[in-house]
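> The following block contains the structure, expressed as structure tokens.
The values are calculated or read from the model by the stated rules, or taken from the named source; none is laboratory data. Everything quoted here is computed from the prediction, not taken from an experiment. Note: ideal-geometry Cβ built from the backbone for every residue, glycine included; neighbour counts use all protein chains shown. Just the protein is used for accessible areas: all its heavy atoms, side chains included, with ligands, DNA and RNA removed. Shrake-Rupley method; radii C 1.70, N 1.55, O 1.52, S 1.80 Å.
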Amino acid sequence: MSNDLHKLTNEVGAPVADNEHSITAGPRGPVVMQDVWLMEKMAHFNREVIPERRMHAKGWGAYGKFSVTGDITKYTKAKVFKPGAVTETFTRFSTVAGERGAADCERDIRGVATKFYTEEGNWDLVGNNTPTFFIRDVHDFSDLNRAVKRDPRTGRRSAQNNWDFWTLLPETFHQRTIVMSDRGIPASFRNMHFFGEHTFSLYNEANERVWCKFHFITQQGIKNFSNEEAGKINADDREFHGKDLFDAIEKGDFPRWKVSIQVMTEEQAKNHYENPFDITKIWRHKEFPLIEVGELVLNRNPENYYAEVEQSAFTPAHVVPGIGFSPDKFLQGRLFAYGDAQRYRLGVNYNHIPVNRAKTEVNEYHRDGAMRTDGNYGRAPAYTPNSEGYWSAQPEVAEPPLPIEGAMWRFDPKDDPTEDNFKAGGDLWRLLAEDKKAILISNTAGDIESVSENVKYRHAAHCQLADPEYGERFAKAAGLDYAKVKELAKLDNNGLIKATT
Ligand code: HEM
């Protein structure tokens, strides 16, 4: 900062003589309009709050670097993955349901968005600390958030709404199990893995495509809080996770994640036993092992929370040559949602804000708009094509074409014969050690306690479908009749909904 911040000026640089005493008509008289500095201060203050993110409103961020240690050039030509490459990054961690002032240690999934300032433009990976998601159709996304956020009548969060919505969509089962498990409240952002969740694509110099998933494996080890521990922390320090991250970085204890990918060929995807583009499904590590690519280290705290963390803006739409999207219909919806939200939240020129600005040359030829603060491309032509050759597209970076088959229709995944919403949740249950099973059951029974009995039965039937032991233990903990749970689990989804509404 070149200014001498010790000297107060007004908004256009003129010295301010007095910042404490309003100008009044006489020592006991009213304030006069002529105190223009007072008016400026009041007017600016009134406009200082911008809309919070519609979800993921509470968050913390840090800069870092991504270093490539493996070689995946046979899969991708992205320069960010060139062996030895080091790329500057900015990562923001968040909770999902809580508003800007919410406490950090809530039971919730954690968002993790990383901006890679690559030499080919910004690549944003906007993921979560779970390898899967609740839902898979964009239509359900606003409903999910309305169900987990505030009830329209009471203005309070509602376990009833939450569980009612979740249990009416059986595909949420795996994620429900993860959120209710010990991983539902991480001890810190440093002590959790995170994932891109969706299926993305990679393509190499020869324009050959593979499908891929991104994994970030914590090097600090997994640590979680119990409900009791989290309750105490929230009562004491609502910003606990933000402080933990900031303090660790400030004292040079830089958190690290190993970055790996899973790869599925186009051929494997065609023959896979589940829809590989369904975000509620995972790719099993035994079948698609992790391939190590590099390391992400967070090593610098922001200087100003509002400028760098609050105004940061990430979108899955920002990819670079060598990294692409996939037919995942949920991902497709996100490609629109983020930029749209940010144009509203930060304004149309939000990519000019320093934390969002690419470190490479940006020539997108957008013009004008509120808060255009650069040279607006001066006298260069505003249209294309133009005879001067400005703004020429770069066809050499085009993605390989993707053959698509089938009718345009509103497909219901329930009609897909490969559909199984309970296998992954059941596998997870069987993987858990006894103490973790007990935690999952007790967290679920506690969380669902105030919810109506019909919804409890719906969840119990899903647990039963995942694993009879899971069903029986949850039924017992929630005070339900297990014989009835077993009968309900024999019904198809429509039958179960009918019997429990
Ligand atoms: C169709 C589904 C989804 C839609 C429409 C959607 C939409 C949004 C919107 C509008 C925001 C606020 C953006 C802003 O104001 O800057 C947001 C934030 C976020 N979303 Fe999603 N989202 C979807 C699914 C997901 C999924 C599946 C993940 C994880 C894989 C995810 C991770 C995040 C994260 C981490 C943030 C916070 C980003 C930040 O720190 O600024 N979202 N989402």
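> Among residues belonging to region 135-160 that are free of Cβ contacts under 8 Å to residues at least 12 places away in the same chain and of a type outside the set (D, E, K, R), point out the one that is nearest to residue 281 (Cα to Cα).
Only one residue fits best here, namely 139.
> Another one. Of everything in region 59-69, what is within 10 Å of the ligand (Cβ to nearest atom) and touching a Ser or Thr at 6+ places or on another chain (Cβ under 7 Å)? Give them in sequence order. Break it down stepwise before answering.
Looking only at region 59-69, we keep the residues that are within 10 Å of the ligand (Cβ to nearest atom), and these are 59-61.
Across region 59-69, the qualifying residues are 59, 61.
> Follow-up. Just for region 36-58: of the residues that are touching a Ser or Thr at 6+ places or on another chain (Cβ under 7 Å) and in contact (Cβ under 8 Å) with a residue 24 or more places away in the chain, which one is most open to solvent (accessible area, probe 1.4 Å)?
Initially, region 36-58 is screened for residues touching a Ser or Thr at 6+ places or on another chain (Cβ under 7 Å), giving 38, 56, 58.
Remaining after also requiring in contact (Cβ under 8 Å) with a residue 24 or more places away in the chain: 56, 58.
On the way: 56: 43, 58: 8 Å².
Ranking the candidates gives 56 first.
> Check off (1) open to solvent by 60 Å² or more (accessible area, probe 1.4 Å); (2) part of a loop (DSSP other than H, G, I, E, B); (3) at pLDDT 95 or above for residue 476 and give me the number that stays unchecked.
(2)
> Also, quick follow-up: Please determine, by comparing only the residues of region 206-230 that are under 30 Å from residue 323 (Cα atoms), out of contact with any His (no Cβ under 9 Å at 6 or more places or on another chain) and of a type in the set (D, E, K, R), which one is surrounded by the most Cβ atoms within 10 Å (Cβ to Cβ).
So, considering only residues that are under 30 Å from residue 323 (Cα atoms), out of contact with any His (no Cβ under 9 Å at 6 or more places or on another chain) and of a type in the set (D, E, K, R), the one surrounded by the most Cβ atoms within 10 Å (Cβ to Cβ) is 209.
> Kindly check whether there is at least one residue in region 405-419 that is open to solvent by less than 50 Å² (accessible area, probe 1.4 Å), assigned to a helix (DSSP H, G or I) and out of contact with any Phe, Trp or Tyr (no Cβ under 9 Å at 6 or more places or on another chain). Even if it seems obvious, please write down each step before you answer.
Going through region 405-419, the residues open to solvent by less than 50 Å² (accessible area, probe 1.4 Å) turn out to be 413, 419.
Applying the additional criterion that residues be assigned to a helix (DSSP H, G or I) yields 413.
Those still in the list that are out of contact with any Phe, Trp or Tyr (no Cβ under 9 Å at 6 or more places or on another chain) too: 413.
Taking every residue of region 405-419 in turn, at least one turns out to be open to solvent by less than 50 Å² (accessible area, probe 1.4 Å), assigned to a helix (DSSP H, G or I) and out of contact with any Phe, Trp or Tyr (no Cβ under 9 Å at 6 or more places or on another chain).
> Kindly check whether there is at least one residue in region 143-152 that is within 9 Å of the ligand (Cβ to nearest atom), in the same structural domain as residue 301 (by TED's automatic domain parsing) and over 28 Å from residue 259 (Cα atoms). It would help to see each step written out before you state the result.
If we filter region 143-152 for residues that are within 9 Å of the ligand (Cβ to nearest atom), which is where we start, we get 144-145.
From what's left, in the same structural domain as residue 301 (by TED's automatic domain parsing): 144-145.
After this cut, where a residue has to be over 28 Å from residue 259 (Cα atoms) as well, the list is 144-145.
Yes, region 143-152 contains at least one residue that is within 9 Å of the ligand (Cβ to nearest atom), in the same structural domain as residue 301 (by TED's automatic domain parsing) and over 28 Å from residue 259 (Cα atoms).
> Go through region 248-304 and give me each residue that's among the hydrophobic types (A, V, I, L, M, F, W, C) and either in a loop (DSSP other than H, G, I, E, B) or open to solvent by 60 Å² or more (accessible area, probe 1.4 Å) (or both). Give the derivation first.
Step one: filter region 248-304 for residues among the hydrophobic types (A, V, I, L, M, F, W, C), giving 248-249, 254, 257, 259, 261, 263-264, 269, 277, 279, 282-283, 288, 290-291, 293, 296-298.
Scanning region 248-304 gives 254, 277, 279, 282, 283, 288, 290.
> Every residue in region 97-108 that is within 15 Å of the ligand (Cβ to nearest atom) and buried (at least 23 other Cβ atoms within 10 Å of the Cβ), please.
Of all residues in region 97-108, those within 15 Å of the ligand (Cβ to nearest atom) come to 97-100, 102, 104, 108.
104, the sole residue that qualifies.
> Please work out which residue is farthest from the ligand (Cβ to nearest atom), limiting yourself to region 109-142 and to residues that are crowded, with 19+ Cβ neighbours inside 10 Å and among the polar types (S, T, N, Q).
118
> Looking at (1) open to solvent by 40 Å² or more (accessible area, probe 1.4 Å); (2) assigned by TED's automatic domain parsing to the domain that holds residue 214, can you tell me which one residue 339 breaks?
Evaluating residue 339 over (1) open to solvent by 40 Å² or more (accessible area, probe 1.4 Å); (2) assigned by TED's automatic domain parsing to the domain that holds residue 214 leaves (1) as the failure.
> Take the residues in region 433-458 that are polar (S, T, N, Q) and under 20 Å from residue 227 (Cβ atoms), then tell me which one is surrounded by the most Cβ atoms within 10 Å (Cβ to Cβ).
That would be 444.
> What residue, of 182, 244, is touching a helix residue (DSSP H, G or I) at 6+ places or on another chain (Cβ under 8 Å), more than 16 Å from the ligand (Cβ to nearest atom), open to solvent by less than 50 Å² (accessible area, probe 1.4 Å) and over 30 Å from residue 73 (Cα atoms)? Working first, answer last.
Numbers: 244 fails: touching a helix residue (DSSP H, G or I) at 6+ places or on another chain (Cβ under 8 Å).
Selected residue: 182, the only one of 182, 244 that is touching a helix residue (DSSP H, G or I) at 6+ places or on another chain (Cβ under 8 Å), more than 16 Å from the ligand (Cβ to nearest atom), open to solvent by less than 50 Å² (accessible area, probe 1.4 Å) and over 30 Å from residue 73 (Cα atoms).
> Also, quick follow-up: Exactly one condition in (1) open to solvent by 30 Å² or more (accessible area, probe 1.4 Å); (2) assigned to a helix (DSSP H, G or I); (3) over 30 Å from residue 269 (Cβ atoms) is false for residue 430; which is it?
Single failed check for residue 430: (3).
> Something else: Failed condition for residue 326, given (1) outside any loop (DSSP other than H, G, I, E, B); (2) within 16 Å of the ligand (Cβ to nearest atom), with all others met?
The failed condition is (1).
> Going residue by residue through region 268-282, is there one that turns out to be within 15 Å of residue 212 (Cα to Cα), touching a Gly at 6+ places or on another chain (Cβ under 9 Å) and in the same structural domain as residue 188 (by TED's automatic domain parsing)?
Scanning region 268-282, I find no residue that is within 15 Å of residue 212 (Cα to Cα), touching a Gly at 6+ places or on another chain (Cβ under 9 Å) and in the same structural domain as residue 188 (by TED's automatic domain parsing), so the answer is no.
> Being polar (S, T, N, Q) and in a strand (DSSP E or B) is the filter here, so list the residues in region 29-69 that pass it.
Within region 29-69, the subset polar (S, T, N, Q) is 34, 46, 67, 69.
Answer for region 29-69, where residues must be polar (S, T, N, Q) and in a strand (DSSP E or B): just 67.
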